[in-house]
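K.L.:
Here it is, the structure, as structure tokens.
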Amino acid sequence: MKSLLLFWVGFIACAGAFLGLWRVGIIPNSLLDDLRSDATTTVQVVNKLAAPNGEYVATINKAGDAVGCELRINVNRKDEAFDWEHEFVSLTGCDTQLDLRWQDNTHLAIAYWNSDPIKGVHTYQQFLSKDRVVKISYVLRQ
């Protein structure tokens, strides 16, 4: 009984360490994909739109694999590296239409809609950039 308890404590500790290292980016997603025998996610930049002064950039990334497809919008300083997978301000399906417009240097407006009136739009939204400088507003077009 004691050896079984020690086994489970060790197993949970190892799994927690593995997941912690993955979450902070030390263990890459491709390794997890290989372990699960999943197809690798492909990421494609769909659009980049710079603020009027060029200090910030809004980027739409299309990520897809054998299971599905999604669009992620990242807002970051020009030439600043960002993690498309974790540092997004909006997430939606690939059938969603997007229109991004900078109202000024620190205000981004995002309009979104689905051209098929029967389908709904699923979306996740944040209203500030990671550094909390850019304010983001959303408008659902119907």
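The values are calculated or read from the model by the stated rules, or taken from the named source; none is laboratory data. Note that the structure is a prediction, hence the values are computed from the model and not measured. Glycine gets a Cβ as well: all are built from the backbone with ideal geometry, and neighbour counts include every protein chain shown.
K.L.:
Among the charged types (D, E, K, R), in the same structural domain as VAL45 (by TED's automatic domain parsing), at pLDDT 95 or above and closer than 22 Å to GLN44 by Cβ: which single residue out of ASP99, ASP65 fits that description?
P.N.:
Details: ASP65 fails: at pLDDT 95 or above.
Answer to the check: ASP99.
K.L.:
Is it the case that LEU128 is aliphatic (A, V, I, L, M) and at pLDDT 95 or above?
P.N.:
yes
K.L.:
Within region 123-142, take every residue that is of a type outside the set (Phe, Trp, Tyr) and under 14 Å from the mean Cα position of the chain (by Cα) and give me the one that is farthest from ASP95 (Cα to Cα).
P.N.:
Restricting to residues being of a type outside the set (Phe, Trp, Tyr) and under 14 Å from the mean Cα position of the chain (by Cα), the top hit is LYS130.
K.L.:
Which count do you get for residues in region 81-139 that are hydroxyl-bearing (Ser, Thr, Tyr) and within 16 Å of GLY68 (Cβ to Cβ)? Before you say what the answer is, go through the steps one by one.
P.N.:
Within region 81-139, the first condition is being hydroxyl-bearing (Ser, Thr, Tyr), and the residues that meet it are 90, 92, 96, 106, 112, 115, 123-124, 129, 137-138.
Retained after the next criterion (residues that are within 16 Å of GLY68 (Cβ to Cβ)): 92, 96, 123-124.
Summing the residues that are hydroxyl-bearing (Ser, Thr, Tyr) and within 16 Å of GLY68 (Cβ to Cβ) in region 81-139 gives 4.
K.L.:
Going through region 52-84 one residue at a time, which ones are touching a residue at least 60 places away in the same chain (Cβ under 8 Å) and not hydroxyl-bearing (Ser, Thr, Tyr)? Spell out the reasoning first.
P.N.:
Restricting attention to region 52-84, the residues satisfying the condition of being touching a residue at least 60 places away in the same chain (Cβ under 8 Å) are 56, 75.
Once the filter is applied, which keeps residues that are touching a residue at least 60 places away in the same chain (Cβ under 8 Å) and not hydroxyl-bearing (Ser, Thr, Tyr), region 52-84 yields only VAL75.
K.L.:
Taking VAL139 as the residue in question, decide whether it is in a loop (DSSP other than H, G, I, E, B), at pLDDT 90 or above, surrounded by fewer than 14 Cβ atoms within 10 Å (Cβ to Cβ) and not polar (S, T, N, Q).
P.N.:
Criteria not met by VAL139.
Conditions tested, residue by residue: (1) of a type in the set (Phe, Trp, Tyr); (2) modelled with pLDDT of 95 or more; (3) in the same structural domain as HIS122 (by TED's automatic domain parsing).
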| position | (1), (2), (3) |
| --- | --- |
| ALA51 | no, yes, yes |
| ALA58 | no, yes, yes |
| CYS69 | no, no, yes |
| ILE73 | no, yes, yes |
| ASP79 | no, no, yes |
| PHE82 | yes, no, yes |
| HIS86 | no, no, yes |
